[in-house]
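The values are calculated or read from the model by the stated rules, or taken from the named source; none is laboratory data. Note that the structure is predicted; figures quoted are calculated from it, not measured. We place every Cβ from the backbone using ideal geometry, glycine too, and count neighbours over all the protein chains shown. SASA here: full protein model, heavy atoms, side chains in, ligands and nucleic acids out. Shrake-Rupley method; radii C 1.70, N 1.55, O 1.52, S 1.80 Å.
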Amino acid sequence: MGEYNVAIVGATGAVGTKMKEMLESSSLPIASIKFLASKRSAGKEIIFNEQVYMIEELVNDSFEGMDIALFSAGGSISKKFAKEAVRRGCVVIDNTSAFRMDKDIPLIVPEVNPEALKKHQGIIANPNCSTIQMMVALEPIRKKYGLDRVIVSTYQAVSGAGMSAINELKTQTSQMLAGEINIEANVLPCLGDKKHYPLAFNALPQIDVFAEDDYTNEEWKMINETKKIMADDSLKVSATCVRIPVMTGHSESIYLEIKTDNITTSNLKEVLSQSEGLILEDDPSEQIYPQALNAEGEKEVFVGRIRRDLDITRGFHMWVVSDNLLKGAAWNSVQIAEKLHEMSLVKVTN
């Protein structure tokens, strides 16, 4: 199968930086690596496996001789360059929303639907960060007991909105602790919307702009991506997505209804404890449950607070946490590359 020439598009961003880190410890055999970014970042140095590389400006010819490209530079960049990369023989793993709902492009969580990779035609989509961790938690239950309904409320970290949002939260927090009254907000809840509000000591029930039926685009992503990944349009899914003043680590409260009778929380815990990419942290007597702080820097999805609904016999509740920059983005992308390698689905240029 050989070794691969790999490119990271958006190498200087929050996710691009994590992609580099994940590749450094990956099982993917790498012959060469190229770091691509905007013209203003070109020429800067970046270190990979203790070697110094120069960041290059992203242009169409950047993909000549490349086998795999990890994209995380925004949807407009993906739309402009992904197909150019494919035309040059490169397989693109895209971490934006540009291609997720394209019916001809597989949307992949490796623990859930790796077989869908066989249908790729050069571009593979990485799901939304909040969708990924929910899929890892729900798929083992769906396979064993069936799944009829999902209602999720997210508590999403500011790093999911990029470096500008992180920096703004830090500034706002300092201002509020200093007793300042006029707190400036220019980024959240969404750069593209009319109004902006402080996130410090706050919770914003808006991620992305509002769309049809007063759901935000983030909420529609979770709804539609879940159905696509699980290949089940009949699955009932609803979401409420909230931004909270946590730096890294998305948390989710998930209500699910299964299709099988007489299932206990112990049954669910047993299934989840044996599942790939998942760690069960669930002991209320010892106050053990997943926390965003503890998930930071970890590749796994953490699940706890599993309990039966008091009124619905097939209903259960759980709490799911994961590092949104790793499993929610960079690590899932690298896992896809590893799966492509394992399944011999990338043609090596040289």
Boolean, Ser344 is modelled with pLDDT of 95 or more and at positive phi:
yes
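Could you check how many residues of segment 258-279 are open to solvent by 30 Å² or more (accessible area, probe 1.4 Å) and touching a Phe, Trp or Tyr at 6+ places or on another chain (Cβ under 8 Å)? Walk me through it before giving the result.
Filtering segment 258-279 down to residues open to solvent by 30 Å² or more (accessible area, probe 1.4 Å) leaves 259-262, 264-267, 269-270, 273-274, 276, 279.
Within this subset, residues satisfying the condition of being touching a Phe, Trp or Tyr at 6+ places or on another chain (Cβ under 8 Å) are 259-260, 265, 267, 279.
The number of residues fulfilling the criteria is 5.
Here is a check on your reading of the model: is Ser153 more than 19 Å from the chain's Cα centre (by Cα), surrounded by fewer than 24 Cβ atoms within 10 Å (Cβ to Cβ), outside any loop (DSSP other than H, G, I, E, B) and of a type in the set (Gly, Ala, Ser)? Break it down stepwise before answering.
Working: more than 19 Å from the chain's Cα centre (by Cα): no; surrounded by fewer than 24 Cβ atoms within 10 Å (Cβ to Cβ): yes; outside any loop (DSSP other than H, G, I, E, B): yes; of a type in the set (Gly, Ala, Ser): yes.
No.
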Subset of segment 191-218, residues at pLDDT 95 or above and among the aliphatic types (A, V, I, L, M), comes to Leu199, Ala200, Ala203, Leu204, Ile207, Val209, Ala211
Restricting the search to segment 1-45, which residues are among the hydroxyl-bearing types (Ser, Thr, Tyr), open to solvent by less than 40 Å² (accessible area, probe 1.4 Å) and within 19 Å of the chain's Cα centre (by Cα)?
Ser26
Go through segment 89-109 residue by residue and tally those that are under 20 Å from Ser344 (Cβ atoms) and surrounded by fewer than 21 Cβ atoms within 10 Å (Cβ to Cβ).
1
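From the list Lys118, Lys103, pick out the single residue that is in the same structural domain as Ala14 (by the TED database) and either touching a Lys or Arg at 6+ places or on another chain (Cβ under 9 Å) or small (Gly, Ala, Ser) (or both). So that I can check it myself, show each step before the final result.
On the way: Lys118 fails: either touching a Lys or Arg at 6+ places or on another chain (Cβ under 9 Å) or small (Gly, Ala, Ser) (or both).
Among Lys118, Lys103, only Lys103 is in the same structural domain as Ala14 (by the TED database) and either touching a Lys or Arg at 6+ places or on another chain (Cβ under 9 Å) or small (Gly, Ala, Ser) (or both).
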Test Met101 against the criterion of being touching a helix residue (DSSP H, G or I) at 6+ places or on another chain (Cβ under 9 Å), farther than 16 Å from Lys228 by Cβ, at pLDDT 95 or above and part of a loop (DSSP other than H, G, I, E, B), and give yes or no.
no
